[in-house]
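Read the structure below first, then the notes.
The values are calculated or read from the model by the stated rules, or taken from the named source; none is laboratory data. A quick note: this is a predicted structure, and the numbers were derived from the prediction, not measured. Cβ placement follows ideal geometry from the backbone for every residue including glycine, while neighbour counts extend to all protein chains displayed. The area values use the complete protein model at the heavy-atom level, side chains included, leaving out ligands, DNA and RNA. Shrake-Rupley method; radii C 1.70, N 1.55, O 1.52, S 1.80 Å.
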Amino acid sequence: MADKQPIYILPENIERTIGKDAQRNNILAAKLVAESVKTTLGPKGMDKMLVDALGDITITNDGVTILEKMEIEHPAAKMMVEIAKTQESEVGDGTTTAVMLAGKLLENAEKLLDMKIHPTVITKGYHIASEKAKEFLKELSVDVTYEREDLLRNIVKTAMTGKGAESSKEKFSEIVVSAIKQIHENGLVNLNNIKIVKNKSFGVEDTELINGVIIDKERVSMDMPVCIENARIALISEALEIKNISSEAKISISSPTQLQEFLNREELLLKQIVDKIESIGANVIFCQKGIDDVVQYYLAKKGIYACRRVSKSDIDMLAYATGAKTISNLNELSSNELGRSKIVEEIRHGDEAMTYVKGCENPKAITILIHGGSEHVMDEVERAFKDGLGDVSTVIRDRKVVAGAGAIEIEISKRLKEFANTMSGREQLAVIEFANSLEFIPSTLSENAGLDPIDILTELKSRHDKGEKYAGINIFNNRVENVFEKGIIEPAKIKSQAISSATEVAIMILRIDDVLASKTQPKSSPRMGGMPDMSGMD
Ligand code: ADP
Ligand code: MG
């Protein structure tokens, strides 16, 4: 027999992993990602401290934040991070749940692979299970309208437990619900119209809802009043200056009187700007561009409050909050374009001054002002607020809630197992593993609270078998009970999104049996130019 020559079809710098190795490798990576966020799940979840290359510290309990900051390299692991990001952008909460579910689906698929079940059978079974699970989820969800403030507040509290906001969640849930009720229009919430501002002063519990906007600018001149009551606000997108004379133009001035005349005339034009503003009754100006010194002087003289170089997004928010119309040309300005608020005030904390526009009537943009003693604390409170805001806006849109604390997962799992019994064929095994994966949520909630997950799961299952579909593990008193009644509720959409994206990524990873990866070039070390090759020397 002639020796076979190996045939190379790929360039040298491609690393190839095939078949089982590729699959196991990917599954392992995905499991590791799930493992890394597992301890943060639920009210008793722990926090992680992440330190980046520059030494900046983040302390958080938030799944997506952790994964984003981990700078994950492995391609399959990166796909897991994507689920967290999708979850965050679609529904704003439930990131840890989604990632853990995907990890568990893959771990359980591995068991089936070991039993020599083909990946396509597993993926088909998972697909069927996911569709069924969402059907059950629909059956199990309860209608809620935005009039039910008590339920909305409970959703926020459920979202905020275990985050830095825990201690003040009564107050915070009220803030979130009032903010959303204030700005929603026909069930649609644009979260961009809720501004979150952080202020290093007082304590977290002093966090407040401002009926208006806070902008990070001080008044342009110290001679302007610090506070204006009954503000009539003009928003101007153009500079309050005399437009530059085109560079072609020449002005010839031959005598000092002519120069004086020219300057007087310029000043007159600038003063006219202020006269115009005063004549229509504006006493506050927010200008997106610059304000000439002379204009500043006259504005201050007339007791008008002004800020310059206010960002476009702040100008837009001010318009939503005060009802003002932004104008670009001063000639267009009339009293109709002015917005109103009870107070416009510069408030100073330490070296920083900000302008508060407060007491707007029926504002369509609003501000949550977070107080706190340190940046890290305020950042984590902000993330908790974002989860709460995401959840309530999701519910207002979708109008469906489910019981949290593992209740929904156990009930769906139970129904999936019953459904699997009606199936024939090997896909049945995958449906059962899918159902088992859902149990990972209540089991981890218990484990993180220091309870025995096996005991809790056994009790949960037996209670659900008896028909208690809202039985969950309440981590506040460590009892298995009707958690819906206790107000532990979540938007149904969080769960359906988590199921969809976890299944999708698990299926995608399971279908890969060949990984071709270009080897990254090692970081080039500084070469010593012109040195002879010394490799042959001894
Ligand atoms: P995620 O990133 O998935 O939202 P969280 O750390 O926010 O992760 O935890 C959410 C889980 O905690 C949900 O399953 C929710 O039902 C559960 N949970 C919230 N409050 C309680 C509670 N009091 N008892 C038990 N579980 C709770
Ligand atoms: Mg959450």
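Given the condition farther than 30 Å from Leu445 by Cα, within 22 Å of the chain's Cα centre (by Cα) and surrounded by 16 or more Cβ atoms within 10 Å (Cβ to Cβ), answer yes or no: does some residue in segment 216-239 qualify? First the steps, then the outcome.
From segment 216-239, those farther than 30 Å from Leu445 by Cα are 216-239; that's our starting set.
In the following step, the residues that additionally are within 22 Å of the chain's Cα centre (by Cα) were identified as 216.
If we keep only those that are surrounded by 16 or more Cβ atoms within 10 Å (Cβ to Cβ) too, we end up with none.
Within segment 216-239, not a single residue is farther than 30 Å from Leu445 by Cα, within 22 Å of the chain's Cα centre (by Cα) and surrounded by 16 or more Cβ atoms within 10 Å (Cβ to Cβ).
When you go through Leu510, Leu451, Leu438, Leu457 one by one, which is the residue that is modelled with pLDDT under 90 and away from ligand 2 (no atom under 16 Å from the Cβ)? Show your work before the answer.
Details: Leu451 fails: modelled with pLDDT under 90; Leu438 fails: modelled with pLDDT under 90; Leu457 fails: modelled with pLDDT under 90.
Being modelled with pLDDT under 90 and away from ligand 2 (no atom under 16 Å from the Cβ) holds for just one of Leu510, Leu451, Leu438, Leu457, which is Leu510.
Within segment 144-195, being in a helix (DSSP H, G or I), within 16 Å of ligand 2 (Cβ to nearest atom), within 24 Å of Gly372 (Cβ to Cβ) and open to solvent by less than 50 Å² (accessible area, probe 1.4 Å) holds for Ile155, Val156, Lys157, Thr158, Ala159, Met160, Lys169, Phe172, Ser173, Val176. With respect to the stated conditions, Leu330 is modelled with pLDDT under 85, open to solvent by 10 Å² or more (accessible area, probe 1.4 Å) and among the aliphatic types (A, V, I, L, M). The set of residues in segment 426-453 that are part of a loop (DSSP other than H, G, I, E, B), over 15 Å from Phe136 (Cβ atoms) and in contact (Cβ under 8 Å) with a residue 24 or more places away in the chain comprises Arg426, Ala449, Gly450, Leu451.
So which residues in segment 133-143 are part of a helix (DSSP H, G or I) and closer than 13 Å to Glu411 by Cβ? Steps first, please.
So the first thing to find is which residues in segment 133-143 are part of a helix (DSSP H, G or I), and the list is 133-140.
Result: Ala133, Glu135, Phe136, Leu137, Lys138, Glu139, Leu140.
Of the residues examined, Ile494 is one that is touching a helix residue (DSSP H, G or I) at 6+ places or on another chain (Cβ under 9 Å), closer than 21 Å to Met100 by Cβ, open to solvent by less than 20 Å² (accessible area, probe 1.4 Å) and of a type outside the set (Gly, Ala, Ser).
Going residue by residue through segment 464-476, is there one that turns out to be surrounded by fewer than 16 Cβ atoms within 10 Å (Cβ to Cβ), in contact (Cβ under 8 Å) with a residue 24 or more places away in the chain and part of a loop (DSSP other than H, G, I, E, B)? Yes, segment 464-476 contains at least one residue that is surrounded by fewer than 16 Cβ atoms within 10 Å (Cβ to Cβ), in contact (Cβ under 8 Å) with a residue 24 or more places away in the chain and part of a loop (DSSP other than H, G, I, E, B).
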